[in-house]
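Trainee: Got a structure here, written out as structure tokens. Questions coming.
The values are calculated or read from the model by the stated rules, or taken from the named source; none is laboratory data. Note that the coordinates shown come from a computational prediction; the quantities given were computed from them, not determined experimentally. Please note: Cβ atoms are built from the backbone with ideal geometry, for glycine as well, and neighbour counts cover all protein chains shown.
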Amino acid sequence: MAKDLYEVLGVSRDATEDEIKKAFRRRARELHPDVNKAADAEDQFKELNEAYDVLSDPQKRSAYDRFGTIPGAAGGGSPYGGGYVDFEDLFGGGFGMGDIFSSFFGGQATGRTPMRKEGRDMGVGLRLTLEEVAAGAKKEIVYDRLAPCPDCEGSGLGPDGREITCPDCRGQGRVVTVQHTFLGDMQTSATCKTCGGTGHTIENPCPECEGQGRVPDRQRVTVEVPVGIRDSQQLRLSGFGEAGMHGARPGDLIVTCRIQPHEFFERDGDNLHARANVSIVQAALGAEIELDGIFEDEKVLVRIPEGCQNEQVVRVKGYGMPKFRSESRGDMFVHVNVVVPKKVTKRQRELLEQLAEELGEDVAKERTPFQKLRDAFN
Ligand SMILES: [Zn+2]
Ligand SMILES: [Zn+2]
């Protein structure tokens, strides 16, 4: 029996979006693997993540309220909007909710380097079909990031809060310690743990973000994918990466386009390659055949020339991919596959025998018992 999603988050059924968000953060803090050592902490964290995925999305939430089932659950897999988004490992760790929580709960402050104030860039991969690349597409990306705290608008200050010079390092960001050794006094300097190297701390910090000015949150952003984009090409969404500390500059979201292989077409730059079957007669006499184009309902007329050979390539100008930032299109290259019939009827055999006679060619005249039997039925 699946648990009630509202119970998982610990909110009432009429909770506002804001209440759901806050409940999620509170529970996530309690369950985070760094804090919670219970054996099933990770499962609970996942469960919480799934509940939040549904209840933070107005459409999914209303479907859940009406039907009591988790929308899209049967499809399985990714909580990130239909499985279109992959987290890219651009920065050597990927970005899952767990990583975001780690960096939120002091993951960065424990390092040797001073805590950086600016938000980091984040990377996601966006899967696209070739049709979407041809027509251009608007895609929603759902991802988790450290977003500006809504309660303090990123300042990190609580009610009556203010920024003060760090008392431990007197604003230097580093603390110098002297060790007395038999070689003499050794001076070592380390990042100040109290302020994480920033040189100041906050008196009366915002309780929601614990003075960071940012909170883990699930974001939805719609990106417009330009027509004709290439695989691995990147789109930069300025300011949609990790939020900075205390309102410092946010990072960007870098979206790497991942174009899925197509069932019929192979893309080569702006050109498309396709295969087409033609009969031996069509190949010999020439023909006009119709193929589906890359656009919905587009038909491409392919002129098979007289005497066309197997593997011959027929070029159809202007039916390739639309070019990036251009009005024109590439070409379509049709690779011809001449199909020899595996079976012929009695009548077809007679016609082919006549053709052989006309060409002065010897063909097998002997009929196998099986062929004779089949002829009798034709
Ligand atoms: Zn300090
Ligand atoms: Zn705050």
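Trainee: What pairs come up if the first residue lies in the range 337-360 and is in contact (Cβ under 8 Å) with a residue 60 or more places away in the chain and surrounded by 11 or more Cβ atoms within 10 Å (Cβ to Cβ), the second is part of a loop (DSSP other than H, G, I, E, B) and not polar (S, T, N, Q), and their beta carbons are under 8 Å apart, counting only those six or more places apart or on different chains?
Mentor: Between residues of the range 337-360 that are in contact (Cβ under 8 Å) with a residue 60 or more places away in the chain and surrounded by 11 or more Cβ atoms within 10 Å (Cβ to Cβ) and residues that are part of a loop (DSSP other than H, G, I, E, B) and not polar (S, T, N, Q), the close pairs are Asn337/Glu311; Val338/Cys308.
Trainee: Also: Quick check, is Val225 touching a Cys at 6+ places or on another chain (Cβ under 8 Å), in the same structural domain as Tyr143 (by the TED database) and more than 8 Å from ligand 1 (Cβ to nearest atom)?
Mentor: So Val225 fits the description; yes.
Trainee: Pro250 fails exactly one of the following numbered conditions: (1) in the same structural domain as Pro167 (by the TED database); (2) in contact with a strand residue (DSSP E or B) (Cβ under 8 Å, 6 or more places away or on another chain). What is the number of that condition?
Mentor: Unmet condition: (1).
Trainee: Out of Asp65, Asp144, Asp99, Asp168, which single residue is modelled with pLDDT of 50 or more, crowded, with 17+ Cβ neighbours inside 10 Å, over 30 Å from Arg325 (Cα atoms) and acidic (Asp, Glu)? Please lay out each step first, then the result.
Mentor: Numbers: Asp65 fails: crowded, with 17+ Cβ neighbours inside 10 Å; Asp99 fails: crowded, with 17+ Cβ neighbours inside 10 Å; Asp168 fails: crowded, with 17+ Cβ neighbours inside 10 Å.
On inspection, the qualifying residue turns out to be Asp144.
Trainee: Only residues that are within 16 Å of ligand 1 (Cβ to nearest atom) and either in a loop (DSSP other than H, G, I, E, B) or touching a Leu at 6+ places or on another chain (Cβ under 9 Å) (or both): list them for the range 197-222, please. Even if it seems obvious, please write down each step before you answer.
Mentor: Of the residues in the range 197-222, the ones within 16 Å of ligand 1 (Cβ to nearest atom) are 197-203, 205, 211-212.
Residues satisfying the conditions are Gly197, Thr198, Gly199, Ile202, Glu203, Pro205, Gly211, Gln212.
Trainee: Specify the residue that is surrounded by the fewest Cβ atoms within 10 Å (Cβ to Cβ); the eligible residues are those in the range 202-245 that are within 19 Å of the chain's Cα centre (by Cα) and within 16 Å of ligand 2 (Cβ to nearest atom).
Mentor: Step one: list which residues in the range 202-245 are within 19 Å of the chain's Cα centre (by Cα), which gives 217-242.
Imposing the further condition that a residue be within 16 Å of ligand 2 (Cβ to nearest atom) reduces the set to 217, 242.
Working: Asp217: 20, Glu242: 23.
Filtering the range 202-245 for residues that are within 19 Å of the chain's Cα centre (by Cα) and within 16 Å of ligand 2 (Cβ to nearest atom), the one surrounded by the fewest Cβ atoms within 10 Å (Cβ to Cβ) comes out as Asp217.
Trainee: Still on this structure: Return the residues of the range 236-251 that are touching a residue at least 60 places away in the same chain (Cβ under 8 Å) and more than 16 Å from ligand 1 (Cβ to nearest atom); say none if nothing qualifies.
Mentor: The answer is Phe240, Gly241, Glu242, Ala243, Gly244, Gly247, Ala248, Arg249, Pro250, Gly251.
Trainee: In this structure, is Ser328 of a type in the set (S, T, N, Q) and closer than 19 Å to Ile229 by Cα?
Mentor: Details: of a type in the set (S, T, N, Q): yes; closer than 19 Å to Ile229 by Cα: yes.
So Ser328 fits the description; yes.
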